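Take a look at the structure below.
The values are calculated or read from the model by the stated rules, or taken from the named source; none is laboratory data. No experiment lies behind these values; they were computed from the predicted model shown. Glycine also receives a Cβ, built like all others from the backbone with ideal geometry; neighbour counts cover every protein chain displayed.
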Amino acid sequence: MKINLMKMLFAVLIIISVAFASDEHKIISPDGRIMLSFSLREGVPYYEVIYGDEKIIAPSSLGFKFKNQSELSNFSCIDFVTNKFSEVWKPVWGQNKNILNEYNELTFTLEEKVPPSRIIKLIVRVYNDGVAFKYHFNEQKGNNYFEITDEQTYFNFAGNFSAWWIPNDYDSEEYTYRNTNLDKMMGVHTPVTLQTKKGTCVVIHEAELKKYSSMTLERNRSLPNSFQSVLVPWPDGIRVKQTAPFDTPWRVIIITPNAEKLISSNIIINLNPQPADKNFDWIKPGKYVGVWWAMHLNKNSWVTGPKHGATTENVKRYIDFASKNNFDAVLAEGWNKGWEMWGKGNGAFSYTECYPDFDLKELSKYAKSKNISLIGHHETGGDYLNYEKQLDAALKFYKDNGVNIVKTGYAGPIRPDGYHYGQKMIDHYNHVMEKAYEYKIMLDVHEPIKSTGLCRTYPNLMTGEGVRGMEWNAWSVGNPPEHVTVLPFTRGISGPMDYTPGIFDLKYDQYKKDEFVKSTLANQLALYVVLYSPFQMAADLIENYKDNPAFEFIKNVPTDWDTTIALNAVIGDYVVIAREKNGAWYIGAVSDENRREVKIKFDFLEPGNYLMKSYSDGKDAHYISNPYPVIIKEEKISANQEYLIHLAPGGGFACKIGKIN
């Protein structure tokens, strides 16, 4: 089906609802490129997705199974309602200052033909860059309590697409991504990213995850290239426990013509409601340093003692550095009592009692005098019940001491039982988010649940981990160079990530003999543009930045953007991303283990002449043998000019572009 023909036929209509059969309907994207078909086959709901002339999802069935009720089946469509929506809204912070939210919507009301005659709604939205649907369980005439044992949402892919995925560990997303065809993919976390032979990119994920369990995908062995949603269970095996009326999260299928356009998709955040409040002057993106990397190198310790990192004296040193170098905040981990009992349970952590060598009141006063914010830290070790008991007191304690940013952590198994990504913990994470919102405290959540766009409704949910980040380079085989070329198209699609870049001492032989960061120094600079987060850390020991001219780029790079575009990319090989703030452009490019040249064009610039200051790999740079050489130069460029970026193995390129007046 040709796109131009589709536009001719359907330009006057908001949505097509073509009755090939009484229960078959089609809904088209606003630009006419994407079509979702819905039908009932012997009472079972099916959907299908076509992108231009390319089938993406073959007919796939939908349904539920329950422990306490019979399986949903034998539906008839008793009503459907169409809707068209378009708005441009401004996020509190983000990758773009204006976001288009435009879709066509169809809501189906489905009723069982036989008792107990339960009713559910299927709400479908089709955007120019994908589709989304969710289930709404109406209040029923009979039993309104549902124990879901199986959400039978199928994704029958139309081909053996290439896939980038991590295993569906119910407790962690901290893996490097594997690249296989679908026939080699097993159980996976979302987002999972696919690419067809034509180059079309597809991402499966979910949006607005609350009062439900996280969705993973597992292979359906009865059909080729078929996967089913599998929800993370409670300890008793039930997947979700809910009382109608309730909504499931959105099931999202992002579709773009290439990898570059994935970076521009806003479906995940658009599917979440706007915040109730309008005044967010207390929310401030920025950059930070902190007492953190030293513990991963075993230079310092979280536990009080001779190597204790979070001392009043040491944190003041970091505050002084932040003040002199255009940073906004300082993180201090290991300040509170209980670290010596980490992993032993029994409510080890106190969130209102400082170690004797950490004076929070003095540090808060000192930081304020330097116009620096303190970032507090709440590690739970997985003992979420202990944290919940202290949550109000903990947040009030920070608020009373001028701390408006908190990093949380859940390193370790959930105590006393359960999974990080199960419904119980979804409720917990969202409770902490909402409670922090009440106290006007911003959050950086580590060992989090997956990002699903809730940061639109709660913009204090600034960033999170949920990724195999920089710390893995300190105490494991580390992250291969290709890792950061994959992340923007996988984990990065779901939301901001606190990867903690900016390591300048890439070998750290003084502390570790076998581990090192597998990148060049220019690569570390580029990550501030390539990997998005409104909070960005300069993660190295602050003494390693002294007298290094490359540090200027980190000092000046913004973390909140007006415009974001991907200029060139091959997932797993290289990526080039450009971002703009107040008329100044920044470009970041990173490569895998191969040396390469990547051509870009400055056609995104307005007509005129510009000055570009760039930081590129030295001639013989290599992430293993020679990671440090950086060429810093200034040169004049013009709009529409072509430019060749040279990337070393594991290399990078970063630059700032400003218009010459």
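Please give the number of the condition residue 451 fails out of (1) under 19 Å from residue 249 (Cα atoms); (2) small (Gly, Ala, Ser); (3) not in a loop (DSSP other than H, G, I, E, B).
(3)
Just one of the numbered conditions (1) touching a Leu at 6+ places or on another chain (Cβ under 9 Å); (2) farther than 22 Å from residue 207 by Cα; (3) of a type in the set (S, T, N, Q) is not true of residue 380; which one?
That leaves (1) as the condition not met.
Within region 153-193, take every residue that is in contact with a helix residue (DSSP H, G or I) (Cβ under 7 Å, 6 or more places away or on another chain) and part of a strand (DSSP E or B) and give me the one that is surrounded by the most Cβ atoms within 10 Å (Cβ to Cβ).
Top of the filtered list is 193.
Taking helices (runs of 4 or more DSSP H) that do not extend beyond region 240-349, which have at least 3 residues that are in contact (Cβ under 8 Å) with a residue 40 or more places away in the chain and buried (at least 21 other Cβ atoms within 10 Å of the Cβ)?
Hits in region 240-349: 267-270, 312-324.
Condition first: buried (at least 19 other Cβ atoms within 10 Å of the Cβ) and more than 12 Å from residue 72 (Cβ to Cβ). Now tell me which residues in region 129-152 satisfy that.
Within region 129-152, 129, 130, 131, 132, 133, 134 qualify.
Among the candidates 555, 546, single out the residue that is basic (Lys, Arg) and within 18 Å of residue 373 (Cα to Cα).
Selected residue: 555, the only one of 555, 546 that is basic (Lys, Arg) and within 18 Å of residue 373 (Cα to Cα).
Could you please find all residues in region 411-446 being within 18 Å of the chain's Cα centre (by Cα), over 21 Å from residue 207 (Cβ atoms) and part of a loop (DSSP other than H, G, I, E, B)?
If the condition is that a residue be within 18 Å of the chain's Cα centre (by Cα), over 21 Å from residue 207 (Cβ atoms) and part of a loop (DSSP other than H, G, I, E, B), then 446 is the only one that fits.
Could you please let me know if residue 198 is in contact (Cβ under 8 Å) with a residue 60 or more places away in the chain, in contact with a strand residue (DSSP E or B) (Cβ under 9 Å, 6 or more places away or on another chain), surrounded by fewer than 16 Cβ atoms within 10 Å (Cβ to Cβ) and not in a strand (DSSP E or B)?
When the stated conditions are applied, residue 198 passes them.
Condition check: within 22 Å of residue 531 (Cα to Cα), buried (at least 18 other Cβ atoms within 10 Å of the Cβ) and not β-branched (Val, Ile, Thr). Does residue 656 satisfy that? Spell out the reasoning first.
Values: within 22 Å of residue 531 (Cα to Cα): yes; buried (at least 18 other Cβ atoms within 10 Å of the Cβ): yes; not β-branched (Val, Ile, Thr): yes.
So residue 656 passes the test.
Kindly evaluate residue 207 against the criterion of being more than 18 Å from residue 426 (Cα to Cα), in contact with a strand residue (DSSP E or B) (Cβ under 7 Å, 6 or more places away or on another chain) and among the small types (Gly, Ala, Ser).
Details: more than 18 Å from residue 426 (Cα to Cα): no; in contact with a strand residue (DSSP E or B) (Cβ under 7 Å, 6 or more places away or on another chain): yes; among the small types (Gly, Ala, Ser): yes.
In short, no.
Which of the residues spanning region 99-140 are in a loop (DSSP other than H, G, I, E, B) and over 18 Å from residue 268 (Cβ atoms)?
113, 114, 115, 116, 117, 118, 138, 139, 140
Can you give me the number of residues within region 501-551 that are buried (at least 19 other Cβ atoms within 10 Å of the Cβ) and assigned to a loop (DSSP other than H, G, I, E, B)?
So the answer is 21.
Evaluate region 212-223: report whether one residue or more is in a loop (DSSP other than H, G, I, E, B), surrounded by 18 or more Cβ atoms within 10 Å (Cβ to Cβ) and in contact with a Gly (Cβ under 6 Å, 6 or more places away or on another chain).
Yes: region 212-223 contains one or more residues that are in a loop (DSSP other than H, G, I, E, B), surrounded by 18 or more Cβ atoms within 10 Å (Cβ to Cβ) and in contact with a Gly (Cβ under 6 Å, 6 or more places away or on another chain).
Residues 453, 478: which one is buried (at least 24 other Cβ atoms within 10 Å of the Cβ), small (Gly, Ala, Ser) and either in contact with a Gly (Cβ under 7 Å, 6 or more places away or on another chain) or at pLDDT 95 or above (or both)?
Of the residues listed, the single one that is buried (at least 24 other Cβ atoms within 10 Å of the Cβ), small (Gly, Ala, Ser) and either in contact with a Gly (Cβ under 7 Å, 6 or more places away or on another chain) or at pLDDT 95 or above (or both) is 453.
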